[in-house]
Amino acid sequence: MPWLLRRLLGVVPTLFITWTIVFAVLQFIPGDPVMLALGGTPASDEVIRNERARLGLDRPIHEQYLTFLRKMATGDLGTSYQQRQPVARIIAEQLPHSAALAAGGLLVGLILGVALGIFAGVRPHGWADTATMSLALIGVSLPSFWIGMMLIYVFGTMLEWVPILGDGIDALILPSITVGLFLAGGLARMIRSAIIETMSQDYIRTAHAKGLSAFRIVAKHAMRNAVIPPITLLGVQFAFLIGGAVVTERVFARQGLGTLLIEAVLTKDVPLVQGLVVYTTSAYIIVNLLIDMLYGVVDPRIRAARA
Amino acid sequence: MSAAIALLPPRSNLARVLGTPGAAAGVAVLILLVLGAVFAPLIAPFDPVATRVCPRLAPPSAANLFGCDLFGRDILSRILHGGRYSLSVGLLTVAISLIAGTLIGMTIAFLGGRVDSIGTRFIDVMLGFPPIVLAILIVAVLGVGAFNAALAVGISGVPRFARVVRSATLSLVGREFVESARAVGASQGRILRRHLLPNLVPVLIVLASLDLGTAILSTATLSFLGLGAQPPTPEWGAMLNAGREFMRYAPWTMIFPGLVLFLAVMSVNLVGDRLSHVLDPRASGHV
């Protein structure tokens, strides 16, 4: 079987297990779903019975489970208890806000992470390396909600360089830095070790012997080979990007999927919680699939091995 | 004699843990924070939940070094007491991940075959949940609160531990000392407890110390999101959440709790980093 097909088919059981976990976990949510759906208003027995039937809760659990799987697979995420709208539509409305933040954060994280990683990696154990790695350690230790607030205070309130609120592109600067710092620390460490490893390879010595400039060696010969492990990390970091967004959205009082998730949990809006978790985890699985495919593009050796 | 002794660095090398300025600074800050938390009732100048001990949102002064919050509570006293929550909750969280992750990881690696392949698959899927999303999902089921938040973060860390422990166990089960234990008729439980577990100790120490910083940060994050410790509990994340609304007029309500949280996580990470250098069998030249 071709590699791509095998990899695509491999996603199916992963999605299946993920959805099963979400379904199973949410069975334990306290409170009667019917009462939650009715929003706590007193209702006659008949109304409750009808509501139970409408939600499909009168059927046995295995039927509910199969219905759930079928609905998830067809993209039907149910209806929100609170907003009385399809969950899929609510998510689609909020997605652009989160996507913009994720893109901004990724951009800042990549630029900082790659620059610091190379800076540290080309001369391991030198002063630049020590300084950069200390910075990276600070980066992974900083509570992102705190650094977000500090950025608002220093650049928004004290210096008034950037707007704090709003939907424009300049209101995205500080949130992007907040998310980006979160990513940069881990990325810089990984790029550093990847660079150190590639710089000791024979082909780098050959490049030196040919008399190539140091910049050319790093940019053309080392980076291309050092980039694979960080790409993998980026896939893993996508999960943290979602997590970072939850916190950053709250700090900057932004709309988005994170804010939506917190509200859904606090109001016990089960379909919305379920839909958001299914959506984010499925997105994570698919992003990692895309990254896997990207390896072949970046590295001809991997392409050859898969053919 | 168990092979664990060969894996663990000699006792004299304990000094090596403090060998770098960073790690020494980390240990020093950590000791200060722990002492502050332990002796908070004795050294805190005010009751952490008593209101109107100073003017509302009063800036830092000689009487209230870190200023006062909206309800006229002394922020320094709250931070000292908050350490009791944040640090112990962090430890509890790591303990949950460590114990459950070790049990699961060792068991599936030791049983091998189908159990291992299904278990690994399951762990991989669990790792696909963004940790904070998984924790929030668990809080949704357990309900909001400091203990539930710790439980949620602890559970969401289990797959991470299980995966590392599984591969560490796999690298041991083929070794001669396990073979010989089998040959002399040791039961499976005995092999797991007496032969495999002691050899995993260095890995577990490194894993736990590297995870503690994340654990403290994650539980504080849940409190910040309003899903963990609730007011008036003096927990650092919850204090930051309360300070969020007044940061423009009273930035000290968020600067100091955040700074202490950062110092705690940073010092734990510095020590963890150093421990992993010292205890990693490859780095120290053992094995």
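Couple of notes before you dig in:
- Farthest toward the positive end of the dipole of the protein assembly as shown, out of A:P271, A:V218, A:P230, is the Cα of A:V218, where the dipole comes from beta carbon charges about the Cα centre.
- Rounded tilt (10° steps) of A:270-298 against the dominant C-alpha axis of chain A: 30
- Listed by Cβ neighbour count within 10 Å, with the fewest neighbours leading, B:L217, B:L76, B:L30 appear as B:L30, B:L76, B:L217.
- Gain upon complete extension [A:L4, A:T206; 0.36 nm per residue less C-alpha separation]: 69.2 nm
- Size descriptors for the stretch A:1-137, from the alpha-carbon set: Rg then Dmax equal 24.1, 76 Å.
- Label-to-label distance, A:Q85 versus A:I111, with points set 7 angstrom from Cα along the beta-carbon direction: 3.4 nm.
- For the protein assembly as shown, the alpha carbon convex hull comes to 200 Å³ per residue, rounded to a whole number.
- Most mobile of A:T130, A:T79, A:T281 in a GNM of chain A (Cα contacts under 10 Å): A:T130
- Inter-label distance, A:S213 to B:A181: 6.0 nm, where each label sits 7 Å from its Cα along the C-beta direction.
- Residue-wise HN-Hα coupling along the stretch A:59-67, computed from phi with Karplus coefficients 6.51, -1.76, 1.60 (Hz; x: Gly, Pro): 8, x, 4, 5, 5, 4, 5, 5, 4
- Simple spin-label estimate for A:S193 and B:R194 in nanometres, 7 Å along Cα-Cβ: 3.6
- Under 5 Å, built H, 5+ apart or other chain: amide partners of A:G78: A:V87, A:A88
- Across q = 0.17, 0.19, 0.20, 0.23 Å⁻¹, the stretch A:96-217 modelled as identical point scatterers on its alpha-carbon atoms has Debye log10 I(q)/I(0) values of -0.87, -0.98, -1.04, -1.21, in the order of the q list.
- Of B:I79, B:I43, B:I108, the one that fluctuates the most in a GNM where chain B has Cα springs shorter than 10 Å: B:I43
- A Gaussian network model of chain A, with springs between Cα atoms under 10 Å, assigns the largest mean-square fluctuation among A:F145, A:F119, A:F155 to A:F155.
- Residues in the stretch A:125-139 carry Karplus couplings, in order, of 6, x, 5, 4, 5, 4, 5, 5, 5, 5, 4, 5, 5, 4, x Hz; the curve used is 6.51 cos²θ - 1.76 cosθ + 1.60 with θ = phi - 60°, and Gly or Pro positions show x.
- Once you reduce the stretch A:277-307 and the stretch B:186-221 to the center of their Cα atoms, the two points are 31 Å from each other.
- The lysines whose alpha-carbon is closer than 29 Å to the alpha-carbon of A:K220, local same-chain residues fewer than 8 away aside, are A:K210.
- Backbone geometry of the stretch B:119-124 corresponds, through the Karplus equation with coefficients 6.51, -1.76 and 1.60 at θ = phi - 60°, to 3J(HN,Hα) couplings of x, 5, 4, 4, 4, 4 Hz, x marking Gly and Pro.
- Per-q log10 I(q)/I(0), the stretch A:245-287, q = 0.20, 0.28, 0.33 Å⁻¹ (Debye; single scatterer per alpha-carbon; no solvent): -0.63, -0.95, -1.04
- Tail weight of P(r) past 36 Å, computed on alpha-carbon pairs of chain A, percent: 34
- Approximate shape of the stretch A:167-307 as ellipsoid semi-axes (Cα gyration tensor, √5λ), whole Å, largest first: 39, 19, 11
- The length gained on full extension between A:Q255 and A:E51, counted as 0.36 nm times the residue separation minus their Cα-Cα distance, comes to 70.3 nm.
- Packing-based exposure ordering (other Cβ within 10 Å, fewest first) of A:T178, A:T280: A:T280, A:T178
- Here B:T102, B:T120 are placed in order of increasing Cβ neighbour count within 10 Å, fewest first, which gives B:T120, B:T102.
- Computed over the alpha-carbon pairs of chain B, the distance histogram in 5 Å steps reads 1, 6, 11, 13, 14, 14, 12, 10, 7, 5, 3, 2, 1, 0, 0 percent, short to long.
Every number here is computed from the coordinates shown, using simple stated rules; none is lab data. As the structure is a computational prediction, the values presented were derived from the model and not from experiment. Neighbour counts are summed over all protein chains in view; Cβ atoms, including those assigned to glycine, are modelled from backbone coordinates with ideal geometry.
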